[in-house]
1. Based on other C-beta atoms within 10 Å, arrange PHE186, PHE217, PHE113 from fewest to most.
2. Between GLU222 and ALA317, what's the calculated FRET efficiency when r is the beta-carbon distance and R0 is 25 Å? Round to 0.05.
3. Find the Cα radius of gyration of the chain, compare it with 2.2 N^0.38 Å by division, and give the number to two decimals.
4. Along the Cα→Cβ direction, 7 angstrom out, place labels at TYR274 and THR88. What is the inter-label distance in nm?
5. Once fully extended, how much extra length lies between SER235 and GLU332, figured as 0.36 nm per residue of separation less the alpha-carbon to alpha-carbon distance?
6. Which whole-Hz couplings ³J(HN,Hα) result when phi for each residue of the range 387-396 is put into the Karplus expression 6.51 cos²θ - 1.76 cosθ + 1.60, θ = phi - 60°, listed in order with x for Gly and Pro?
7. With N denoting the number of residues in the range 169-275, provide Rg(C-alpha) divided by 2.2 N^0.38 Å, to two decimal places.
8. Taking 0.36 nm per residue of separation and subtracting the Cα-Cα distance, what length does fully extending GLU203 through GLN107 add?
Amino acid sequence: MLLEHLNRRLREREAAALWRQRRVADSACAPLQHLAEGGEGTRALLAFCSNDYLGLAAHPALIDALAAGARRWGVGSGASALVSGHATPHAALEDELARWLAPYIPQAAVLGFCSGYMANLALLTTLADAEAVIFADKLNHASLIDGGLLAEARMRRYPHARLDLLDAMLADSTAALRLIVTDAVFSMDGDIAPLPELLALAERHDAWLIVDDAHGFGVLGEGGQGALAHFGLRSERIIYMGTLGKAAGVSGAFVAAHPLVVEALVQGARSYIYTTAPSPALAHTQLASLALIAGDEGAARRGHLNALVEALRTGLAAVIAAHPHCGWRLAESATAIQPLIVGDNAAAVALSAALEARGLRVPAIRPPTVPAGSARLRITLSAAHSRADVDRLCAALAQLASEGEHP
Ligand SMILES: *Cc1c(COP(=O)(O)O)cnc(C)c1O
């Protein structure tokens, strides 16, 4: 019964060109990715799909830090943070991040998490009680949607970045607690949320602003401090979530907010309390990553990344201008996330496959991850890419556009 039922559902998914497949990488995270093939061998593909924006995931200094951290602190934390798993490197990481965020959130306190998914569940289930209403951008990350669904509060979703509609929703609300929730950089579109305007709305309507900076932390802002630094925002009303598995190249996440917010999470957040604390060696490595991000090397990597973004956008705009019939569209993004919107699910999958035949790996992203009719190639750049890598991608797309190989 169950198996028949699952089989039917899976075949429906396949028929809708929504089948997802994992691939086995036999190499460290890097632009040149060795993927396991059917038999014994591997095949090297030039990949544009990681969120390792600064190219730190396999950085020698971080590899050394992980090894040194494991020698000093061991591999496992042994228990949840509240039982006995909270060690010196975890505390040092939280202190350092609090120092980073203090210019933007007065008195900022920080709490570390195993992942951004868990941090977002913690935030929304702890803060958004039955007296609260969540106001969420429709394109927010799945973890924010799931957190909102798990929370007792009602969740109202506003069309992407529509400040006027959000304003009206807030004006309408008589809830005791109002929480505006947004991605800082939208993960499938790459655009940056209008955070100054969102903060102004929060102030006007006595609401709080939860900012998920998974794709901004490490990349945006002069020193890589993220989206708040990018805009020069400062407010007690901001509750900030940053992740350490994307630009920071490791894994994990943190919340920075007013000390009372952080204390409420420690006391009540189930995805903090009922899970084994991250490895202390990882916390030690995350600290080393922060030092790289803030130093000259981080600045140089951000500079190189921004130059690659410019080059890619120029290259793709030229391809689209020369081949308007293909119906591709470049999204309005100034970040390392550069979607090429194709529209049809099968067409996006076919384009991705045609690139792969040319040795390039760019994933097709389909609904429900993105709205129906906006299937796309999600191109992401890393400071580990070279200008030649970007040129090779643009040349392959130009060739495919002119051959009309896509359906
Ligand atoms: C990746 C991501 C998360 C989840 O972070 P993990 O550490 O990977 O669990 C949360 N929000 C956004 C916007 C993301 O892109």
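1. Values: PHE186 24, PHE217 33, PHE113 27.
In increasing order of surrounding Cβ atoms, one gets PHE186, PHE113, PHE217.
2. Working: r = 28 Å, r/R0 = 1.11.
Computed FRET efficiency for GLU222 and ALA317: 0.35.
3. Values: Rg = 21.7 Å, N = 407, 2.2 N^0.38 = 21.6 Å.
In units of the 2.2 N^0.38 Å rule of thumb, it is 1.01.
4. So the two model labels end up 3.4 nm from each other.
5. Numbers: separation 97, 0.36 × 97 = 34.92 nm, distance 2.78 nm.
Full-extension gain reported as 32.1 nm.
6. Once rounded to whole Hz, the list reads 4, 5, 4, 5, 4, 5, 5, 5, 5, 5.
7. Details: Rg = 14.4 Å, N = 107, 2.2 N^0.38 = 13.0 Å.
After normalising by residue count via 2.2 N^0.38 Å, the value is 1.11.
8. Here the answer is 32.7 nm.
Each value in this text was obtained by applying a stated rule to the coordinates, not by laboratory testing. The model shown is predicted, which means the values in this text are computed figures rather than measured ones. Neighbour counts are summed over all protein chains in view; Cβ atoms, including those assigned to glycine, are modelled from backbone coordinates with ideal geometry.
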